[in-house]
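The values are calculated or read from the model by the stated rules, or taken from the named source; none is laboratory data. All values derive from a computational prediction rather than experimental measurement. Note that we place each Cβ from the backbone using ideal geometry, even for glycine, and neighbour counts take in every protein chain shown.
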There are 6 protein chains.
Amino acid sequence: MKIAYVVPGPMDHKEAARRGAILKEWAAPDTAVDIRRVEEGPASIESMYEEYLSIPAAAQVVFQLEQEGYDAAILGCAGDPGLDAMREITSQMLVVGPGQTSFQTAAMLCHQFSVLTIAESMIDTSFELGFKAGVLAKLASVRSVEVPVLELATDRAGTMEKIIAEGRAAMIEDRAQALVLGCMSMGFLQVAEEVQEVLGIPVINPSRVALAMAESLVRSGLSHSKKSFALPPKLATGKVKSLHELSVVGE
Amino acid sequence: MKIAYVVPGPMDHKEAARRGAILKEWAAPDTAVDIRRVEEGPASIESMYEEYLSIPAAAQVVFQLEQEGYDAAILGCAGDPGLDAMREITSQMLVVGPGQTSFQTAAMLCHQFSVLTIAESMIDTSFELGFKAGVLAKLASVRSVEVPVLELATDRAGTMEKIIAEGRAAMIEDRAQALVLGCMSMGFLQVAEEVQEVLGIPVINPSRVALAMAESLVRSGLSHSKKSFALPPKLATGKVKSLHELSVVGE
Amino acid sequence: MKIAYVVPGPMDHKEAARRGAILKEWAAPDTAVDIRRVEEGPASIESMYEEYLSIPAAAQVVFQLEQEGYDAAILGCAGDPGLDAMREITSQMLVVGPGQTSFQTAAMLCHQFSVLTIAESMIDTSFELGFKAGVLAKLASVRSVEVPVLELATDRAGTMEKIIAEGRAAMIEDRAQALVLGCMSMGFLQVAEEVQEVLGIPVINPSRVALAMAESLVRSGLSHSKKSFALPPKLATGKVKSLHELSVVGE
Amino acid sequence: MKIAYVVPGPMDHKEAARRGAILKEWAAPDTAVDIRRVEEGPASIESMYEEYLSIPAAAQVVFQLEQEGYDAAILGCAGDPGLDAMREITSQMLVVGPGQTSFQTAAMLCHQFSVLTIAESMIDTSFELGFKAGVLAKLASVRSVEVPVLELATDRAGTMEKIIAEGRAAMIEDRAQALVLGCMSMGFLQVAEEVQEVLGIPVINPSRVALAMAESLVRSGLSHSKKSFALPPKLATGKVKSLHELSVVGE
Amino acid sequence: MKIAYVVPGPMDHKEAARRGAILKEWAAPDTAVDIRRVEEGPASIESMYEEYLSIPAAAQVVFQLEQEGYDAAILGCAGDPGLDAMREITSQMLVVGPGQTSFQTAAMLCHQFSVLTIAESMIDTSFELGFKAGVLAKLASVRSVEVPVLELATDRAGTMEKIIAEGRAAMIEDRAQALVLGCMSMGFLQVAEEVQEVLGIPVINPSRVALAMAESLVRSGLSHSKKSFALPPKLATGKVKSLHELSVVGE
Amino acid sequence: MKIAYVVPGPMDHKEAARRGAILKEWAAPDTAVDIRRVEEGPASIESMYEEYLSIPAAAQVVFQLEQEGYDAAILGCAGDPGLDAMREITSQMLVVGPGQTSFQTAAMLCHQFSVLTIAESMIDTSFELGFKAGVLAKLASVRSVEVPVLELATDRAGTMEKIIAEGRAAMIEDRAQALVLGCMSMGFLQVAEEVQEVLGIPVINPSRVALAMAESLVRSGLSHSKKSFALPPKLATGKVKSLHELSVVGE
């Protein structure tokens, strides 16, 4: 099967290539996984404003990927920016959001879990994500490690220390029994496995789990429901012929 | 007080002017209300894709309005597209979303209410709006009148008939005790008052209520909480100086 | 528009006059606001027993206000005692409860808020109020400042200190992003604005917000739903002709 | 043990005596049950206004019953008017509300149940009762038989027919697996047993169950929590010496 | 009335007799209560594995008790293992689970309560029990006293100390207003009354309350709903004639 | 990776072999999947009694599979009987329940879904499963096709007709946007794909999805949390040495 991973921002080519290589290692033997990035957008996503900023360009890429015959696309941000829109504009190709998928995966493994996000300002939107995923009932807490996305990798040891400290606090104070890392850059830092070892509870790596779940869904012949994510009416009725025509300029 | 109403799409100037005039009629004696439209965006909003498409340009206008000294801005779409982002990028000026505000207003008047939206595909996102508004507990149902936004006004009598039919069904089948019209174009069609007369229950006009509630909040010295909607970190820490710098182009 | 504020107890005339004057300052230019008190009832309301004690006499006043042509009546206790009954016995005039209205207003401004009440014994009933308001989903916590109602004003500085201390605790421990002052006497102490300044989050003054929201609702042509708050059957069917006849004496 | 049943209105003495006799038949061998009525109040309770009207006088009787050494008092209305206040003003004697108790009893027997109330206008307040009882999660629906309280007994066969029809509808449409009769006059009509026979699911008689549960609680050494229902502060601190002093007359 | 208490494990005969004697003391004057134990099963129940291990044999006893004409059977474990199955296989005789019954009884007395269980590993399943009981809305917390079931009685004073310490913590940290002892061995230790005295809030003894509530339900002519707990289809349709035939051996 | 599928009853060897062959077809290229059946238990599972009957023997098999070095075991019943116990007694090997896993998978694809179960008597327990899965918020309805498990395959066309009819009803009446087949025998009938084609929404085959998700979890280095499913205390502390010793015989 063919799966694409979409970086919703103009990530440096080297880092994008590094992430692509990791995805290939994680993939099942019969999966071909490619990485795509958009050319313009936020440098990193740490606010709802930046989430929205990333959507129009990323949606164009997703729309294109379906034309190219991909089986699934992974939206490369754990906030799942615009996931519903991307599911609206695709009909055959599955689109997966790492955030919601990670939450649902955590629900498979425990009674209640906690999410570790990068900044306090993302805590409430993580609860909104839990609502969208339908698993708010198992979301014990959301905690922040307070490291800017672009600095997560500069001090890997320090980042891991903070993840372990907040994870431990979640276990003791919130009765967390599994953790979700709420950021793709954390995911590609490949710390989940080590944190899992130290804390003794499952730690969900959103990058890895998004890929594995996309594979399972495709393998099971499943895609997102078009009853949930209908084609935009103007497209469905033929009033406009392409995604671009949905945007107009006023006189 | 000074309030601006932002049309998040390139609406025809005549229609924008008509709406601006209606807003002036609705306003309190001490309110000056202006209408602003963005120059590029969706022709109308009937899908999540179009909601997201409207956000970046509308956010720029909202950001600008704060610089101009407005007390409040109303986001002119009942889906409240990007409301959280617009609250993130403003510090003094209140930003109000007509969707959530209408839901909360309905909660003031009854035990449970229903929302009438324009297309079946917007039903689930209306429930998400109910979640964001915090009043899901009083949301009895969401029903669709199945009229495209751009055709709502072409047959006003037909539109009203459909609103009354669905409203009555909501009363009988879902025990709705108040109705929310889930679209600004419905609001500016000024049918709420007539439907209210016919059905005998409160009918919330989102356009009118968004203005009235913005006035009340400003009058009470209140604005959205910056603890809920923090300035994007890169702006807050001075890493970028303007909204535009948050969007970058890859090499 | 004409709005009446009903004090549901035999408040000292001077204090009632002081509150009436404050209301006039807060009112919109086109609002005439009057204060009314009942002649017999609890000295202050700090228990459910006292809430109930206040209702029959206050209901008579509310019933009378509708005859006099008021557009809205505000029930002057943040516990909203008997609000549903007062809405049952009025048909044209809006009745507003400051408690529920304040909770719904807080929901307009943040993801989650806390309520500061006057005594620990009112904490659970504040959650019941949150249920009635339909916004329990956003109610992070209820905390008590532990000052008897009748002593709130005797040491204004001390009261404010306690409000700030509990408000800060709510921010840190419960992630409150806005506060509701849960008592009208706190409201007329006019500390909300100062607390807001100190804590940096919206602080809802129930007295002021009840007035502002009543104005907005009237301005929008809205009143409480008679489908939610039906006329008592004996009145509706003409079995009794007045409110007084609903109370009978046994042989 | 000694249990009193309080009629919160000036019921005709003959009917009160009839109810007292039925209660004696239902009681356990070691229970002495007495009936008490208040002298002034609503003729029957079919609205929230009438509920509130009944509370002050009924509370006085409940307060007196504790002085007389009763082990428990049953509040004789299925809307549980003022139950919280009556629990506030008693310290040793258990006070039981038939409404909430019936809901909790139904929860003991099935996955979900429905309530049959007397008028459509009481449906929403029945849901509020479900919230107070803590069992909203099992409350499938509330339906109304639309018979005025004072006419329930005039056509017993007709009343029963309506109860069976609504009960059957609840089973089929709402998947009700048990029923609660939501009115004490229905309870003393002694139809629950016959309806149970006809429909084949448990039918809770609130009058009988309130007595049986009061007996069980007393037998188990349990009473309502004073942490939940604290003595009114003015009484607790000795500022007033009696229930009457809590009501004052203004100058 | 005749009630049986079923010990779902091969308890030592002396201890079983002691418990039987206590039950007789607690019973109403018109109740005959017998104790039955199964011959093979877990020594004590401290895990879900042991809960399930106990069910087949205990179900056989419950099935037999109905044949013997008992009015009610109490399942002697506060985890209510297999309660639904036991209600499926009985048609006339009420089956009561002490866990759910205690939770529902606590709901009768307060706004929110806490459960004290014996081991941390039973905390999540206690929440599941709260869901099944329908009273999750009032369950403030579940805390563990960390004493193995078989050691509860060896140091009664030490056990009580731990119960009081955790109960006090529940009051202060979780706002618990009543407590449920989540283990039958705690129940027969007869500490509830003393803890209640020390802490000043109701403490539910599951052993005693299960008996008292079974009595009340039988006295009220009520049993579990067969719409909720249907006879297994193979039995209902006559495909098998006895409980034993439901278990088959493969070729 | 090595995965075992455990049939929790003495299924006919030929049918077991057929299912094993289907599983091999569904598996990823690097997965070896084996089928195991227990020797004694229920012929099929259509009641909670039969669920419990299957657990002790199935648990022994699961326990043994871990010794044999399997990476994951799938519990072959969509009611997930004893899943928690099987997770308690395993430490390295993942155990997956097809019921909960299917619900969580459905949550990945839509806003709300419905479950089709085999008998009306399993509807409530399906909701309990939804609670355990943590996705009750997305469970629109549970409907029954009313075909006994052992007859599902005898008239494949008739079974499919009933599934399509109930599925369509769920779409129209309950707004279902995806379906879960709530029975493994339905799963191995391989109708999901055809129903999906006819109805145009995702249809979850629990047999196939349980395998695919087990593969993804193992591939991602994840297993169930031992904080959620602790080893039974007697095993953990060494009081007993084997699973068998947990069951004792009374004197």
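Just a few scattered comments:
- Of residues in segment F:149-176 being aliphatic (A, V, I, L, M) and touching a residue at least 60 places away in the same chain (Cβ under 8 Å), the one surrounded by the fewest Cβ atoms within 10 Å (Cβ to Cβ): F:L150
- Residue, surrounded by the fewest Cβ atoms within 10 Å (Cβ to Cβ), within segment B:203-227, restricted to residues that are within 14 Å of chain A (Cβ to nearest Cβ) and touching a residue at least 60 places away in the same chain (Cβ under 8 Å): B:K226
- Of all residues assigned to segment F:115-126, none qualifies as being farther than 20 Å from F:G20 by Cα, assigned by TED's automatic domain parsing to the domain that holds F:R36, assigned to a helix (DSSP H, G or I) and not polar (S, T, N, Q).
- Number of the condition not met by E:Q60 [criteria: (1) at pLDDT 95 or above; (2) assigned by TED's automatic domain parsing to the domain that holds E:L222; (3) buried (at least 23 other Cβ atoms within 10 Å of the Cβ)]: (3)
- Matching residues in segment E:131-144 - criterion: being away from chain D (no Cβ under 14 Å) and within 18 Å of the chain's Cα centre (by Cα): E:V142, E:R143, E:S144
- The listed residues are E:Q67, E:Q92, E:Q104, E:Q100, and the only one of them that is modelled with pLDDT of 95 or more and more than 13 Å from the chain's Cα centre (by Cα) turns out to be E:Q67.
- Single residue of A:A165, A:A140 found to be among the small types (G, A, S), closer than 15 Å to A:S102 by Cβ and in the same structural domain as A:S126 (by TED's automatic domain parsing): A:A140
- Boolean, C:A78 is at pLDDT 95 or above, outside the structural domain of C:V142 (by TED's automatic domain parsing) and part of a loop (DSSP other than H, G, I, E, B): yes
- Single residue of segment D:228-251 satisfying the filter (farther than 13 Å from C:E50 by Cβ and either in contact with a Gly (Cβ under 7 Å, 6 or more places away or on another chain) or facing chain C (nearest Cβ under 9 Å) (or both)) that is surrounded by the most Cβ atoms within 10 Å (Cβ to Cβ): D:F229
- Filter result for E:G200 (closer than 30 Å to D:P98 by Cβ and surrounded by fewer than 20 Cβ atoms within 10 Å (Cβ to Cβ)): yes
- Filter pass, B:I55 being aliphatic (A, V, I, L, M), under 28 Å from A:K239 (Cα atoms) and in the same structural domain as B:G82 (by TED's automatic domain parsing): yes
- Any hit, segment C:231-246, residues being assigned by TED's automatic domain parsing to the domain that holds C:Q92, in a helix (DSSP H, G or I) and modelled with pLDDT of 95 or more: no
- Residue that is nearest to B:R143 (Cα to Cα) [pool: residues in segment B:158-185 that are part of a loop (DSSP other than H, G, I, E, B) and within 12 Å of chain C (Cβ to nearest Cβ)]: B:A176
- Residue match in segment C:38-56 (condition: in a helix (DSSP H, G or I), closer than 30 Å to B:D30 by Cβ and either within 17 Å of the chain's Cα centre (by Cα) or of a type in the set (A, V, I, L, M, F, W, C) (or both)): no
- Among the residues here, E:L231 qualifies as touching a residue at least 60 places away in the same chain (Cβ under 8 Å) and closer than 30 Å to D:E193 by Cβ.
- So B:V142, is it within 17 Å of B:M48 (Cα to Cα), touching a strand residue (DSSP E or B) at 6+ places or on another chain (Cβ under 8 Å) and crowded, with 21+ Cβ neighbours inside 10 Å: yes
- Index of the failed condition, C:A157 passing every other in (1) outside the structural domain of C:I35 (by TED's automatic domain parsing); (2) among the small types (G, A, S); (3) touching a Pro at 6+ places or on another chain (Cβ under 9 Å): (3)
- Whether a residue is surrounded by 24 or more Cβ atoms within 10 Å (Cβ to Cβ) and closer than 25 Å to D:S223 by Cα was assessed, and D:L129 passes this test.
- Assessment of segment F:85-94 against the conditions (crowded, with 20+ Cβ neighbours inside 10 Å, within 11 Å of chain E (Cβ to nearest Cβ) and assigned to a strand (DSSP E or B)) yields no matching residue.
- The residues listed here are B:E151, B:E193, B:E128; of these, the one that is within 14 Å of chain A (Cβ to nearest Cβ) and closer than 26 Å to B:I35 by Cα is B:E151.
- Residue pairs whose Cβ atoms lie under 7 Å apart, sitting 6 or more positions apart in sequence or on different chains, and linking a residue in segment B:62-82 that is farther than 15 Å from B:L243 by Cβ to a partner that is of a type in the set (D, E, K, R), are B:G69/B:K2; B:Y70/B:K2; B:D71/B:K2; B:G79/B:E51; B:P81/B:E51.
- Residues located in segment E:29-49, provided they are over 24 Å from E:R219 (Cβ atoms), touching a residue at least 12 places away in the same chain (Cβ under 8 Å) and not aliphatic (A, V, I, L, M): E:R37, E:E39, E:E40, E:G41, E:P42, E:S44, E:E46, E:S47
- Residues located in segment F:2-15, provided they are assigned to a loop (DSSP other than H, G, I, E, B) and out of contact with any strand residue (DSSP E or B) (no Cβ under 7 Å at 6 or more places or on another chain): F:D12
- Residue among F:E40, F:E25, F:E46, F:E50 that is touching a Ser or Thr at 6+ places or on another chain (Cβ under 9 Å) and surrounded by fewer than 24 Cβ atoms within 10 Å (Cβ to Cβ): F:E40
- Selected residue [acidic (D, E), out of contact with any Ser or Thr (no Cβ under 6 Å at 6 or more places or on another chain) and crowded, with 22+ Cβ neighbours inside 10 Å] from E:D80, E:D34: E:D80
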